[in-house]
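Below is one structure, written out as structure tokens; the observations come after it.
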Amino acid sequence: MNSETHEDFANSLTGHLTELRIRLINIFLILAVGGACCWYFSEQIFNFIRSPVAAYLPDGGLVYTGIVDKFTAHIKVSVLAGIVITSPIWFYQVWLFVAPGLYRNERKYALMFMVSGVGLFLLGVAFVYKVVFPFAFEFLFHFGGGTDKPMITIEEYLSFFVMTTLMFGACFELPLILTLLGLLGIVNQKFLREKRRYAVVILSMISAVITPPDLLSMLFMLGPLLLLYEISILLVGRIEKNRAAQAPESPKV
């Protein structure tokens, strides 16, 4: 590598890192504003979050052992709600970071990227809230008979709820992530097909880690992920066909 090439590479890397820093700062500010706005509705949001487990609690409510636990809980639910409601805006920041590496004709997918990203994220959140939590709580709270009574703290439940919800939302972004990698030329359809068995193992491990500790919840997570992986293969294949047809007349800028 000659000195001129090395200098170009260094400048390019510096530019990418600077752009990444700007996008991360913007995302942080967006989430901070969203969380602050949601603070006003934190009580209603907290009631919504508590709803899946309320039926299994002796008095329908969670308990707390620290003086500031309830206050901290409302901060956490405000942050979580802020992440969800501002998702179109911070997804756009992600797109602005990725777009320069795409062909000109591929940048028209900006709206589709944001809509798909937000839709998949919310689909993951809705799936865990409406499907996984009811089945998991039904199993876990009735396991071992009804003699023992649950006493779930706010801190414990919120940590579980927030982590599980965000992980499900993130995992449902799998087609979008793989499609972006396909657009950037990092993966192709052949690669995804050949590595399918490894993908099944990795997705199984992810499902086991992020779901409640029962087999049913893991399968509820693994099934959609495998389906989303297969959809990703089709989408990446479609991108390759479009790129092969349009690349000669659509140079990068």
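Just so it is clear, none of the values below were taken in a lab; they were calculated from the coordinates. Quantities reported herein were computed from a predicted structural model and do not represent experimental measurements. No Cβ is skipped: glycine too gets one built from the backbone with ideal geometry, and neighbour counts run over all protein chains shown.
Brief remarks on what is shown
- Rg(Cα)/(2.2 N^0.38 Å) for the chain, N = residue count: 1.22
- When you restrict to C-alpha pairs under 8 Å that are six or more residues apart and normalise by the size of the chain, the relative contact order lands at 22 percent.
- Separation of the VAL201 and ASP148 label points, Cα + 7 Å toward Cβ, nm: 3.5 nm
- Listed values for segment 14-22 are Karplus-derived 3J(HN,Hα) couplings in whole Hz (6.51 cos²θ - 1.76 cosθ + 1.60, θ = phi - 60°), namely 4, x, 5, 5, 5, 4, 4, 4, 4, and x replaces Gly and Pro.
- Number of Lys-Lys pairs in segment 3-249 with C-alpha atoms under 21 Å apart and a separation of 8 or more places or on different chains: 4.
- Here the spin labels are modelled as points 7 Å beyond Cα on the Cα-Cβ line, and at TRP39 and ILE89 they lie 1.5 nm apart.
- Phi to ³J(HN,Hα) by Karplus 6.51 cos²θ - 1.76 cosθ + 1.60 over segment 50-60, Hz, x for Gly, Pro: 6, 3, x, 9, 4, 5, 9, 9, x, 10, x
- Sorted largest first, the spans of the alpha carbon positions of segment 155-233 along the three principal axes are 44, 23, 15 Å.
- Karplus-derived 3J(HN,Hα) values for segment 160-173, using 6.51 cos²θ - 1.76 cosθ + 1.60 with θ = phi - 60°, are 5, 5, 5, 4, 5, 5, 5, 5, 5, x, 5, 5, 6, 7 Hz; glycine and proline are entered as x.
- Simple rule: put +1 on each Lys or Arg Cβ and -1 on each Asp or Glu Cβ in the chain, find the dipole, and look at MET112, TYR129, ALA73; the Cα lying farthest toward the positive end is MET112.
- Neighbour count of at most 14 Cβ within 10 Å plus DSSP loop: longest trypsin sites (Lys or Arg not before Pro)-free window in the chain: 1-194
- Sum of -39500 (n - 2.57) over DSSP H runs of 4+, divided by residues of the chain (222 nm, nearest 500): -25000 deg cm²/dmol
- Residues with amide H under 5 Å from that of VAL63, placed H, sequence gap 5 or more: ILE152, THR153, ILE154
- Evaluated with a Cβ-only charge set (Lys, Arg +1; Asp, Glu -1), the chain carries a dipole of roughly 720 debye about its Cα centre, given to the nearest 20.
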